[in-house]
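Below is one structure, written out as structure tokens; comments come after it.
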Amino acid sequence: MRIVSLLPSATEIVYALGLGDQLVARSHECDYPPDARKKPIITRSLIPPDLPSREIDQRVSETLMTHATLYTLDPELLQSLKPDLILTQSLCSVCAVSHRAVLEAVERLRPRPVVLNLEPTTLQEVLETFQQVAEAAGVPRRGERLVARCRERIEQVKAHGATRPPVRVSFLEWIDPLFACGHWTPELVALAGGIEGHGQAGMPSRRMEWREVLEWQPEMIVIACCGFTVERTLRDMPLLESMPGWHELPAVRHGAVFVSDGNAYFSRPSPRLVDSLEWLAATIDRLWDHLGTLVACEGAGHCSLHWYGHGATPTG
């Protein structure tokens, strides 16, 4: 089996199924596990990654309005690789090469490979994609075992989260402009013992107004910008700190503001979403003392999650 993955999440699934040796090419964003970086790159982005957040948003919006593309695919390399299976998606034009571009490239290939379109919007659908990839690659039992392990960990978190009152959470997927979370992320927050005040499970992330955060008065804030590392996201944190009422928010007063590598741990519908769920649950646990009242918290590093608050240096 010769597999080409055009999605970071699909690449992670391939490796979780023990099929890394069958991956013959990857997208420019596939960076985990480290071995994946050794594979040939078959896509590239047309938007420079070092642009300011607002300019990135503007470029993306303009491109989508004109039905142009954000990414390119190397059809010659694809043809030379003679893949049996191509993993792609049509859910989000911002996230990867367009489904149309993939189909156009596949038209030239002989023999014609299988094109598996992955587009989960909920946690359940994310788990289903693990099985879909396993079956397409001819290892269905491995998929069943991977899904079972993930479900067991999810159920453990869910059972523990139900034992205490929920925490009000604001989970932000972009700072400038402000975006609420979407898809599976509100579910992760709920399973971990929180209530996410802005996003809707199964629906895309959306632009939001700062007043929504002020009205919600979150007890915990997580910033996980799509496509950004922790270090890149920290460059935009002064924008949040300058917002009216920021320093009076319960989450800020209690030191419960966390910055995550959203690119690795929340944006990708991969097995590492379960790691993120466990971190959320453990962090919410640390916000409560034995009397059940919120206490100040200096954050625990996990999965490149860093505490950010009161002008302190983030800790990992």
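Nothing in this text is a laboratory measurement; each read-out follows from the coordinates by a stated rule. Please read all numbers here as calculations on a predicted model, not as lab measurements. Here the Cβ positions follow ideal geometry from the backbone for every residue, glycine too, while neighbour counts run over all protein chains shown.
Observations, loosely collected:
- Cα point-scatterer Debye curve for segment 67-157, base-10 log of I(q)/I(0) at q = 0.13, 0.16, 0.23 Å⁻¹: -0.54, -0.76, -1.14
- Taking every DSSP bridge with both residues inside segment 164-307, close to 40 percent are antiparallel.
- Computed over segment 164-307, the range of Cα coordinates on each principal axis works out to 38, 37, 27 Å, biggest value leading.
- Partner aspartates and glutamates for K158 [C-alpha distance under 18 Å; skip if fewer than 8 residues away on the same chain]: E125, E187, E196, D275, E278, D285
- Local electrostatic count, L73, Cβ distance below 11 Å [Lys/Arg +1, Asp/Glu -1]: -1
- Neighbour cut-off at most 15 other Cβ (10 Å), DSSP loop, trypsin sites (Lys or Arg not before Pro), segment 81-172: R108
- Ranked I195, I3, I175, I223, criterion: other C-beta atoms within 10 Å, fewest first: I195, I175, I223, I3
- Short-range pairs are left out: with C-alpha atoms under 8 Å and at least six residues apart, the relative contact order of segment 164-307 is 24 percent.
- Comparing V213, S270, G245 along the charge dipole axis of segment 164-307, the residue lying farthest to the positive side is S270, per the Cβ-charge model.
- Taking the fewest neighbouring Cβ atoms within 10 Å as the starting point, the ordered list for S27, S98, S90 is S90, S98, S27.
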